[in-house]
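The values are calculated or read from the model by the stated rules, or taken from the named source; none is laboratory data. Keep in mind that what you see is a predicted model, and the values were worked out from it rather than measured. FYI the Cβ positions are ideal-geometry reconstructions off the backbone, even for glycines, and counts take in every protein chain you see.
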Amino acid sequence: MAVTLETPLARVLGPKTATSMAEQLSLHTVRDLLRHYPRRYARRGEMARLDDLQVGDRVTILAMVTSVSSRRMRQRHGTITEVTVGDGAGSMKLVFFNNKHAKLEQGRWGLFAGTVGTYAGKLQFTHPDCHMLDDDTGDDDWARALVPIYPASKDVSSWVIQKSVKLLLGPSGELGELVVDPLPEEIRARHGLLSLAAALLDIHRPTTLEDVEHASERLKWDEALILQLTLAARRRAAALEPGIARPRRPAGLLDAVDAALPFELTEGQRDVGEELAAELDRDQPMHRLLQGEVGSGKTVVALRAMAQVVDAGGQAALLAPTEVLAAQHARGIRQLLGPLGRAGEIDGDPSGTRVTLLTGSLKAAAKREARAEVAEGRAGIVIGTHALLQEGVDFADLGLVVVDEQHRFGVEQRDALRAKGNRPPHVLVMTATPIPRTVAMTVYGDLEISTLRQLPSGRGGVSSSVVPQSEKPTWLDRAWERLREEVAAGRQAYVVCPRIGDVAGPDDEPEDADGAPDDDGGSERRPPLAVLDIAEILRNGALAGLRLDVLHGRLSPEDKDARMRAFAAGEIDVLVATTVVEVGVDVPNATVMVVLDADRFGVSQLHQLRGRVARGKHAGLCLLVTDASTSSSTGQRLAAVAATSDGFELARLDLETRREGDVLGAAQSGTRSGIRLLSLLEDEELIATARAEATALLETERGLADHPGLAAEVAALATDERAEWLEKA
Ligand code: ADP
Ligand code: MG
C-alpha cells in the first residue's frame, strides 16, 4: 500500500514507537510526524549552551564526553559512574548507577536526554538516555553538521524521531515527492516558495541554517494558508445562514435609553453604534467583535444594540464571565431603564420590557421564575453567567447574543448560546484585551472587528508606578499613606493580592492562574500574598481606622454581591480582593489600586486590573508592588506596564512573553490551530498575504476543487478540532 499523509504511523513504524508517539506526542499519522519539526539544531564541535538549561526541563543536548570515572558506592552495593560532558566553560554531570553505557568514552560525541537536576549546586542528569554518534556505522546521519533536536518525550527520544522521519522521507526525500503538495503552483511561484518535498527534507535534514530558513518560510505558508482558508470558509458559511433582521424602530426602548443616558456618547460609540444598527437590520446574522480599551464604554454600546433588538420584537442575552459582573450589569441597566425595565410590575411601564438576571446562585424558585420570563418572552433583556448556557434555558425569540469579556470564554460557549435562537441570532462579542492585528486575523478571523479607541472625555487618567520593595523599602509606607490621603478626600481603593489564603494553609491555588511567566524560576519563592492575611495586617496597621473589607471567589455569590454593592455605595473604603475585580467592575469613585506581588500577574491582567481605577473624573493611581529587582526581566515587564497605558502596546508585550500556543489556546480553547512555526508576532505580513490568498481562492468558481492537497489539509485541521471537541464533551 502506498504511504500517504493520512497513513497511520502504526502501519509504518514499530508498534511500540507508534503507540508512544500517539500517547506522548499526539502524533498519529504520517502528516503529524512530518510536521513535527525540530525545535533547534545542534552542531557537532560546538558546545551545547549548558548555561541555558533550567532545572526540571526535559532536554536533549549534544555534547562531548570529557571524563569518565567509576567507583564503588560506600552505603550501597554496586558502582556509580560519573561522566562529565561539555567543556571547561559549561559542563554537566551524568550519573549512572550500576551500569554504564558501553560507548561512553572520553572524546566521543553523543546526544544525551533527560530531566535536568542538580546535585551539590551543579547541573546533572541521572540515568539519561544516551545515543553515541558513531553508533550507526555506515550511516551518514551523524556526519551532518547540523543535528536536529526534536521536541521529545519520555519514551520517544529525539533520535528515534529523527530515524523515523528519515525512514518516512527516504534518504533524499522521496516520500515528499509522492505526496500531494497542498500549496497551489501559482501561489508557490508568486511568493517564491520551495516545494513541499524540498521543504520537508530541508527542515528535517538541513545542511545549513539557511536551508532551515527557506524551508520554514515555505512551511509557515502552509500553516497560515490552511488556517485562513478554514476561517474564510467559516465566514462564508456564516454569511449564508438565514437570520432575522431587527430593524431600528423609533420611539421605543432605544430612544428611551438614549434619552436617559447621563452623558453624551463619544464619537467612537456613535460610529460603532451606527455600524451595529445597520448590521442588525440585515437578515444575515452579525458576527462582530467589539474591542475597546478598559473603560472605553462598551457596555452602553451593547445595551443600545440590545434595545434595538427588543424594539424589533426579539430578545437579547448578555453573557458575563462572573456573577459580580452579571449583577453589576443588571443593576446598571435596570437603573438606566427605570420603569421601562419593569414591564409587568406595578410601577412598570407596560410599553417597556423586563430585565432578567439569571445566575447559578439564584434560589430554585427565583430561577424557575427567571426561566419562565425568558421562555415566555416577557424578558427582553436577559443577563447572566454560564447558567444561561444550561439546558432548560429556552428563549422565546433570541435575536442578539452579547458576550462580555470574550477572552474569558471559549468559542463553544459563544456557540452554545447562539444555538438557543430559533434562527441564528446576531452575535456581538466584546473584549477589553486589545488584540494585535495578527491575533485578530487568526484567533478571531471569523469575526468582523470594531474598535473603540477613545476613552470618554473628562477622565482623570491613571498614573502607574512600580514599588520595588527590596530596593526602595520605604516606598510601600508611602503607598499606604497615599491611599489614606485619597480615602480622606472621599475616594476609595482596591488592594489586590494573588491568593485568597486560608487557615487551612498554603495549598490554596492562586485565584486565577492565567498568570505571569515565572522567570525567576526559583522553587524557593515564598507563597504569594493572600487576601485574608493582608486584610488582617492592614486593618491592624497601615490602614487602621479605615472601613476595609475583602472580596474573593470563595465567598458565596450573595456575599460577593452584597460587598460589591456596599463598595459601589461608598460604604467600604478599601476592598482587599483577588482578581475577581479584574474584569468589568465599575466603581467610578475608586481611584487607587495597590497590586501586591504584581510580578505574579500577566501584563494584560495588570492592565485590566488597573482599568478599575479612574473610571470617573478623578485621576487614578496604580502601584505595582514587587520583590523583583528593577533590572530583572520581571522588573522590566512591570516597568513597561507602568510606562504605557496603551493596551495595544501591552498586548504585544504580553504576546512576547507568552508562547503562541498559549495565546491561541487561551483565546480560543477547543480549536487546534495547526500552528507550529508561524509566529503571531513576527509573521504579520505573511499572515495578511495568506489571508488575501485564501479569500481569493474561495472566491473562484471551483473553490478548492482543483486543489485536493489543500482541501485535505483543511479537512485534517477540521478533524483535529472535532476530535478535541469530542474529548471535551
Ligand atoms: P468597558 O468598556 O471597560 O466595559 P464600561 O462600559 O464599563 O467600560 O464604561 C466605563 C464607565 O464609563 C461607566 O461608568 C460608564 O457609565 C461610563 N461611560 C460610558 N460611556 C461614556 C461616555 N460617553 N461619557 C462618559 N462616561 C461614559
Ligand atoms: Mg466592560
Query raised in the report: Out of all the residues in the range 273-315, which are of a type in the set (Lys, Arg) and either assigned to a helix (DSSP H, G or I) or under 32 Å from the mean Cα position of the chain (by Cα) (or both)?
Result: Arg288, Lys298, Arg304
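Listed here are the residues, each with its yes/no results for (1) small (Gly, Ala, Ser); (2) modelled with pLDDT under 95; (3) within 16 Å of ligand 1 (Cβ to nearest atom); (4) surrounded by fewer than 20 Cβ atoms within 10 Å (Cβ to Cβ).
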| residue | (1), (2), (3), (4) |
| --- | --- |
| Arg235 | no, yes, no, yes |
| Ala238 | yes, yes, no, yes |
| Phe263 | no, yes, yes, yes |
| Val272 | no, no, yes, no |
| Leu289 | no, yes, yes, no |
| Gly292 | yes, yes, yes, no |
| Ser296 | yes, yes, yes, no |
| Ala307 | yes, no, yes, no |
| Gly314 | yes, no, no, no |
Report task. Pick out, from the range 31-92, the strands (runs of 3 or more DSSP E) lying fully within it that include 2 or more residues that are more than 20 Å from Lys122 (Cβ to Cβ) and modelled with pLDDT of 80 or more. Result -> 40-43
Report task. Residue by residue through the range 413-446, note down the ones that are buried (at least 23 other Cβ atoms within 10 Å of the Cβ), at pLDDT 75 or above and in a loop (DSSP other than H, G, I, E, B). Result -> Pro425, Ala432
Report task. Give the residue, chosen from Ala326, Ala330, that is away from ligand 1 (no atom under 12 Å from the Cβ), surrounded by fewer than 24 Cβ atoms within 10 Å (Cβ to Cβ) and more than 18 Å from Ile449 (Cα to Cα). Result -> Ala330
Report summary line: Of the residues in the range 556-590 that are at pLDDT below 90 and more than 22 Å from Ile333 (Cα to Cα), the one that is nearest to ligand 1 (Cβ to nearest atom) is Thr579
**Report entry** strands (runs of 3 or more DSSP E) (entirely within the range 317-412) containing at least 1 residues that are among the charged types (D, E, K, R) and not assigned by TED's automatic domain parsing to the domain that holds Pro557
**Finding:** 354-358
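If you check Asp211 against the conditions, is it acidic (Asp, Glu), within 16 Å of ligand 1 (Cβ to nearest atom), touching a helix residue (DSSP H, G or I) at 6+ places or on another chain (Cβ under 8 Å) and outside any loop (DSSP other than H, G, I, E, B)? Show your work before the answer.
Details: acidic (Asp, Glu): yes; within 16 Å of ligand 1 (Cβ to nearest atom): no; touching a helix residue (DSSP H, G or I) at 6+ places or on another chain (Cβ under 8 Å): yes; outside any loop (DSSP other than H, G, I, E, B): yes.
When the stated conditions are applied, Asp211 does not pass them.
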Requested in this report: Please work out which one of (1) more than 22 Å from Pro247 (Cβ to Cβ); (2) within 16 Å of ligand 2 (Cβ to nearest atom) is the condition Leu303 fails and give its number.
Outcome: (1)
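Scan the range 257-272 for residues that are assigned to a helix (DSSP H, G or I) and either within 16 Å of ligand 2 (Cβ to nearest atom) or outside the structural domain of Ala302 (by TED's automatic domain parsing) (or both) and jot them down.
Let us first name the residues in the range 257-272 that are assigned to a helix (DSSP H, G or I), namely 257-260, 267-272.
Correct list: Gly268, Gln269, Val272.
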**Report entry** In the range 179-225, the residues that are under 20 Å from Leu681 (Cβ atoms), out of contact with any strand residue (DSSP E or B) (no Cβ under 8 Å at 6 or more places or on another chain) and in contact (Cβ under 8 Å) with a residue 24 or more places away in the chain
**Finding:** Ser216, Glu217, Arg218, Leu219, Lys220, Trp221, Asp222, Glu223, Ala224, Leu225
Report summary line: Over the range 394-443, the set of residues under 15 Å from the mean Cα position of the chain (by Cα) and under 12 Å from Arg288 (Cα atoms) is Gln406, Thr431, Ala440
**Report entry** Residues that are closer than 25 Å to Leu303 by Cα, out of contact with any helix residue (DSSP H, G or I) (no Cβ under 9 Å at 6 or more places or on another chain) and away from ligand 1 (no atom under 14 Å from the Cβ), drawn from the range 424-470
**Finding:** Ala440
Query raised in the report: Quick one: which of Val550, Val574, Val594, Val580 is away from ligand 2 (no atom under 16 Å from the Cβ) and within 22 Å of Val641 (Cα to Cα)?
Result: Val594
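Does the range 633-640 contain at least one residue that is part of a loop (DSSP other than H, G, I, E, B) and among the small types (Gly, Ala, Ser)?
Keep residues of the range 633-640 that are part of a loop (DSSP other than H, G, I, E, B), which gives none.
For the range 633-640, residues part of a loop (DSSP other than H, G, I, E, B) and among the small types (Gly, Ala, Ser): absent.
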**Report entry** Positions within the range 343-361 being more than 18 Å from Thr385 (Cβ to Cβ) and of a type outside the set (A, V, I, L, M), in sequence order
**Finding:** Gly344, Glu345, Asp347, Gly348, Asp349, Pro350, Ser351, Gly352, Thr353, Arg354
Query raised in the report: For the range 615-649, which residues satisfy the criterion of being within 16 Å of ligand 1 (Cβ to nearest atom), farther than 17 Å from Val595 by Cα and surrounded by fewer than 23 Cβ atoms within 10 Å (Cβ to Cβ)?
Result: Gly616, Lys617, His618, Ala619, Asp646, Phe648
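Among the helices (runs of 4 or more DSSP H) contained in the range 102-207, which hold 3 or more residues that are modelled with pLDDT of 85 or more?
Numbers: elements: 158-169, 174-178, 185-191, 196-204.
Fully inside the range 102-207 and qualifying: 158-169, 185-191, 196-204.
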